[in-house]
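First up is the structure itself, then whatever we jot down about it.
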Amino acid sequence: MMSLSLRAPCIVPAAVKQTATIIFLHGVGDSGQGWADILPDLRPPHAKIICPSAPLQTVTINEGMTMPSWFDLRASDQPKDEYGIKMAGAAIKEIIDSEMEAGIPSRRIVLGGFSQGGAVALYTGLTLPYTLAGILALSTWLPMYKSIPWNTAVKPKVLQCQGDSDVMVSMKGAQRTADLLKKHLQDNHTFKLYPGLGHTISNEDELKDILEFFHGNLPPTDSKL
């Protein structure tokens, strides 16, 4: 499987000795820079942050415009871009593998994403041959939910956050994702719904939940990594 050729990532080094990594994927039309500005206030100090930037490619539902995108987004009556999703997943796996080769165990790595980036994070994290510390899925959905090659031995902690006023990711899609994740992950899946929140992370309760997810799943360690 080939992988995407990504643009240069935004990297925020750990504030102290690195013993963990947070990899976070932006939404369509965005870049890693904005998230690299937000996440340092939420992370544990020993966590390095990597915010990759998707390549520029055409997006069908946006009138075929070229923009940063992890895979093509198409109308509901069109075939999904399964090949693009798999390529994006392969590219993110390469980043995870690189961190592991540098000495960070998979269970000290959290993978997250917003909107389309969250879809790639879920797909990637649930199909890896190893278990991550957690997956943070913000305002997103599980792609290829009918055919995703689940690794049933992998049960990472997943925090799924959704606003009930989101017009980009429907409550129907978010609830279907929540039901599927609960079925496969049981108590390792948490679904948080925020009243009045649209397609954004401007909610203080959500930011608090993200901070607690990072700190809870990437606690300090005495391990000599």
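Across region 101-147, the qualifying residues are those that are aromatic (Phe, Trp, Tyr) and not in a helix (DSSP H, G or I), and the one among them that is farthest from Ser165 (Cα to Cα) is Tyr130. The single condition among (1) touching a residue at least 40 places away in the same chain (Cβ under 8 Å); (2) over 18 Å from Val120 (Cα atoms); (3) small (Gly, Ala, Ser) that Ser202 does not meet is (1). Within region 113-151, being modelled with pLDDT of 95 or more, surrounded by fewer than 24 Cβ atoms within 10 Å (Cβ to Cβ) and of a type in the set (Val, Ile, Thr) holds for Thr127, Thr131. Restricting attention to region 9-27, the residues being over 20 Å from Glu99 (Cα atoms) and surrounded by fewer than 22 Cβ atoms within 10 Å (Cβ to Cβ) number 0. Given the structure, is Asp205 surrounded by 17 or more Cβ atoms within 10 Å (Cβ to Cβ) and more than 30 Å from Tyr130 (Cα to Cα)? When the stated conditions are applied, Asp205 does not pass them. Scanning region 152-181 for residues that are among the polar types (S, T, N, Q), in a helix (DSSP H, G or I) and surrounded by fewer than 22 Cβ atoms within 10 Å (Cβ to Cβ) returns a single hit, Gln175. When region 48-91 is filtered for residues that are of a type outside the set (Val, Ile, Thr), in a strand (DSSP E or B) and more than 21 Å from Trp35 (Cβ to Cβ), only Met65 remains.
From the list Val110, Val158, Val167, Val154, the lone residue that is of a type outside the set (Ser, Thr, Tyr), modelled with pLDDT under 95 and in contact with a Ser or Thr (Cβ under 9 Å, 6 or more places away or on another chain) is Val154.
Selection within region 189-222: residues that are β-branched (Val, Ile, Thr) and outside any loop (DSSP other than H, G, I, E, B). The member of this set that is nearest to the chain's Cα centre (by Cα) is Ile210. Scanning region 44-65 turns up no residue that is under 19 Å from Leu138 (Cβ atoms), without any contact (Cβ under 8 Å) to a residue 40 or more places away in the chain, surrounded by fewer than 14 Cβ atoms within 10 Å (Cβ to Cβ) and in contact with a strand residue (DSSP E or B) (Cβ under 7 Å, 6 or more places away or on another chain). When Gly117, Gly103 are checked against the criterion of being within 22 Å of Leu42 (Cα to Cα), touching a residue at least 40 places away in the same chain (Cβ under 8 Å) and of a type outside the set (A, V, I, L, M, F, W, C), Gly117 stands alone in meeting it.
Looking at region 14-32, which of its residues are touching a strand residue (DSSP E or B) at 6+ places or on another chain (Cβ under 6 Å) and over 19 Å from Ala88 (Cβ atoms)? Residues satisfying the conditions are Ala14, Gln18, Ala20.
The values are calculated or read from the model by the stated rules, or taken from the named source; none is laboratory data. Worth saying up front: this structure is predicted, and the values here are computed from it rather than measured. Here the Cβ is made from the backbone with ideal geometry for all residues, glycine too, and neighbour counts use every protein chain on show.
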